[in-house]
Amino acid sequence: MTLMLPFTKMVDLANGTIPGGQDIQVRHLADLKGLFADSAAESALLPENPVIYRVYLGAHQPEVVGQLSFSTTVIYPGKVGEEYFFTKGHYHAKGDRAELYFCLRGEGILLLQTREGEVNVQHMTPGAAALVPPYWGHRTINTGQDEFAFFACYPSDAGYDYAAIAEKGFASLIVERDGKTEMIPNPSWL
Ligand code: M6P
Ligand code: ZN
């Protein structure tokens, strides 16, 4: 066994970033192509290709049992059609791995779904600690006017299954209608 040394990373609570982190994933609209329900609105916005969110990796530990990794995610405000900007969303490749989210800034929704199509919604405002239990797919959505930022901690061996979400999406959409946030059924959910 190789003994790893403890370490600390600072999260900037003002903006939700992890300064000095070498690993930042930038997700543009093109990276989420096909995920928004309103494909005409998505196509119209594609030439502009806005940044939808950034993931700041604080610790990407070896992908083995017992290790924890952590990151922050900053989702920018905006919509594609009536649907708010969101993360791609994933199930864990190892489905029995859980994850913890802690909201730092702004407001949003943690949308969860089982593979059988059961949906659950958790409201995220600064201070909210939301648990993603094993087997729940998860996506975060910025329902506010400002940046929405949260901290995430997860087993390093959890892995990502994006394919199921890319194929079927989520059973519910989070949209703005008449200035209000609403959850509506996804018309293309099978
Ligand atoms: C959180 C964590 C990360 C994840 C990120 C963006 O920071 O859950 O593991 O990568 O959100 O979500 P996605 O991978 O679905 O784009
Ligand atoms: Zn996850």
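The values are calculated or read from the model by the stated rules, or taken from the named source; none is laboratory data. All values reported here derive from a predicted model rather than from experimental measurement. A quick note on method: Cβ atoms are made from the backbone with ideal geometry, for glycine too, and the neighbour counts reach across all protein chains shown.
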In the range 109-156, residues that are crowded, with 18+ Cβ neighbours inside 10 Å, in a loop (DSSP other than H, G, I, E, B) and within 16 Å of ligand 2 (Cβ to nearest atom) total 2
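Residue by residue, here is whether (1) over 28 Å from Ala166 (Cα atoms); (2) in contact with a Lys or Arg (Cβ under 9 Å, 6 or more places away or on another chain) holds:
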site	(1), (2)
Met10	yes, no
Gly20	yes, yes
Lys33	no, no
Glu42	no, yes
Ile52	no, yes
Val64	no, no
Gly78	no, no
Glu83	no, no
Starting from the range 51-75, take each residue that is over 20 Å from Asp157 (Cβ atoms) and within 12 Å of ligand 1 (Cβ to nearest atom) and list its partners that are acidic (Asp, Glu) and assigned to a loop (DSSP other than H, G, I, E, B), counting only C-beta distances under 9 angstrom and pairs at least six apart or across chains. Tyr56/Asp23; Thr72/Asp12; Val74/Glu147; Ile75/Glu147
Against the condition within 27 Å of Val65 (Cβ to Cβ) and within 14 Å of ligand 2 (Cβ to nearest atom), how does Arg97 come out, does it pass? yes
Can you tell me which residue is surrounded by the fewest Cβ atoms within 10 Å (Cβ to Cβ) among those in the range 159-190 that are assigned to a loop (DSSP other than H, G, I, E, B) and within 15 Å of the chain's Cα centre (by Cα)? Tyr160
In the range 76-106, residue nearest to ligand 1 (Cβ to nearest atom) [restricted to those that are charged (D, E, K, R) and within 18 Å of Leu35 (Cα to Cα)]: Lys88
What are the residues in the range 158-190 that are among the hydrophobic types (A, V, I, L, M, F, W, C) and either without any contact (Cβ under 8 Å) to a residue 12 or more places away in the chain or within 16 Å of ligand 2 (Cβ to nearest atom) (or both), if any? Ala158, Ala163, Ala164, Ile165, Ala166, Phe170
Do we find a residue being away from ligand 2 (no atom under 16 Å from the Cβ), part of a strand (DSSP E or B), at pLDDT 95 or above and within 19 Å of the chain's Cα centre (by Cα) anywhere in the range 58-78? yes
